[in-house]
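The values are calculated or read from the model by the stated rules, or taken from the named source; none is laboratory data. Only a predicted model underlies this, so the values are computations on that prediction, with no experimental measurement involved. Positions of Cβ are generated from backbone atoms using ideal geometry, with glycine treated the same way; all protein chains shown enter the neighbour counts. Each accessible area value is taken on the protein alone, full model and side chains, heavy atoms only, with ligands, DNA and RNA left out. Shrake-Rupley method; radii C 1.70, N 1.55, O 1.52, S 1.80 Å.
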Amino acid sequence: MSETTTARTVTDILQPRNTLVAGMVGIGLAAAGDWTGIPWGLLGAVCAGLIPAGYIEWERARGTWGDRHVVDRTKRAPIFFVILGSIGLGSLGMVLGGAPTGILVAMLALWAMTVVLLAVNSFWKISVDSAVASAVPALLAVVHSPWWLLAYLLTIAVCWSRVALTYHTVAQTVAGASLGAATAAAFLVV
C-alpha cells in the first residue's frame, strides 16, 4: 500500500464525523455512568458530527466544494456556522432534557473550539480534523479514564495523514491538535 493510499485511508476512517460518533457515545455513556447516557451521546454525535457532515455532502452535491475536505479555507465559514448552530441547538435540547453534565460540557467545549476554529480560519488555515481527533480523546480522558490519552496515537496518525495528503502543513495540524486538547482541558476542569 502506498503512503498516499494509507494516508487517505487514515483520514477517511478517522474523519471528524466518525470520530465524533464514537467519541460522543462514549462520553455520554461515561457521563451518565450507565446506558442512559447513550441517547445523549447519540444526540451529541448527530449535532456535532452528522449534521455538519450532511451539510458538507449537500454542498458537494450542489457543486460548491469538490470533496469533504474543503481545502480552500475561504469557503469554510458556512460550515463553521452550521456546526455552531447545530451544537447550540443540541446543547439546548440537552439542557431542557436534563442531560448528564459531562456530555453537556463536552458539547460546550466543542462549540467553543468551533468558535476558535472559525476565528483562526479567517486568516490562517487550521486543521479541523486534527482538532477533533485531539478533542475527543481529551474529553474521554476527563469523563471516563486517563487511559483514553493513549488514543493520541490516532491523533498523531490523523495529523500525519493530513500532511501526507498535502491538505495541511505540520504547523496547521499541530495548531489544530493543540486547540482540541486545550479546549477540552479548559472546559472539563469545571
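Tell me yes or no: at least one residue of segment 86-93 is buried (at least 24 other Cβ atoms within 10 Å of the Cβ) and either at pLDDT 95 or above or not in a helix (DSSP H, G or I) (or both).
Looking for residues that are buried (at least 24 other Cβ atoms within 10 Å of the Cβ) and either at pLDDT 95 or above or not in a helix (DSSP H, G or I) (or both), one finds at least one in segment 86-93, hence yes.
Just to be sure, is residue 24 within 23 Å of residue 117 (Cα to Cα), open to solvent by less than 20 Å² (accessible area, probe 1.4 Å) and either in a helix (DSSP H, G or I) or at pLDDT below 95 (or both)?
Considered against the rule, which asks whether it is within 23 Å of residue 117 (Cα to Cα), open to solvent by less than 20 Å² (accessible area, probe 1.4 Å) and either in a helix (DSSP H, G or I) or at pLDDT below 95 (or both), residue 24 comes out as yes.
Select, from 111, 65, 160, 147, the only residue that is loosely packed, with under 14 Cβ neighbours inside 10 Å and either among the acidic types (Asp, Glu) or at negative phi (or both).
Exactly one residue qualifies, and that residue is 147.
Check residue 66 against each of (1) part of a helix (DSSP H, G or I); (2) free of Cβ contacts under 8 Å to residues at least 60 places away in the same chain; (3) within 21 Å of residue 164 (Cβ to Cβ) and name the one condition it does not meet.
(1)
Please state which of the following conditions residue 124 fails to meet, knowing it meets all the rest: (1) open to solvent by less than 60 Å² (accessible area, probe 1.4 Å); (2) outside any helix (DSSP H, G or I).
(1)
Which of the residues spanning segment 99-108 are open to solvent by 60 Å² or more (accessible area, probe 1.4 Å) and either among the polar types (S, T, N, Q) or not in a helix (DSSP H, G or I) (or both)?
Scanning segment 99-108 gives a single hit, 101.
Which count do you get for residues in segment 104-142 that are aliphatic (A, V, I, L, M) and over 14 Å from the mean Cα position of the chain (by Cα)?
Number of matching residues: 6.
Out of curiosity, is residue 37 open to solvent by less than 20 Å² (accessible area, probe 1.4 Å), more than 14 Å from the chain's Cα centre (by Cα) and touching a residue at least 60 places away in the same chain (Cβ under 8 Å)?
yes
Pick from segment 1-20 the residues that are surrounded by fewer than 20 Cβ atoms within 10 Å (Cβ to Cβ), in a helix (DSSP H, G or I) and of a type in the set (S, T, N, Q): which of them is modelled with the lowest pLDDT?
Looking at residues that are surrounded by fewer than 20 Cβ atoms within 10 Å (Cβ to Cβ), in a helix (DSSP H, G or I) and of a type in the set (S, T, N, Q), I get 4.
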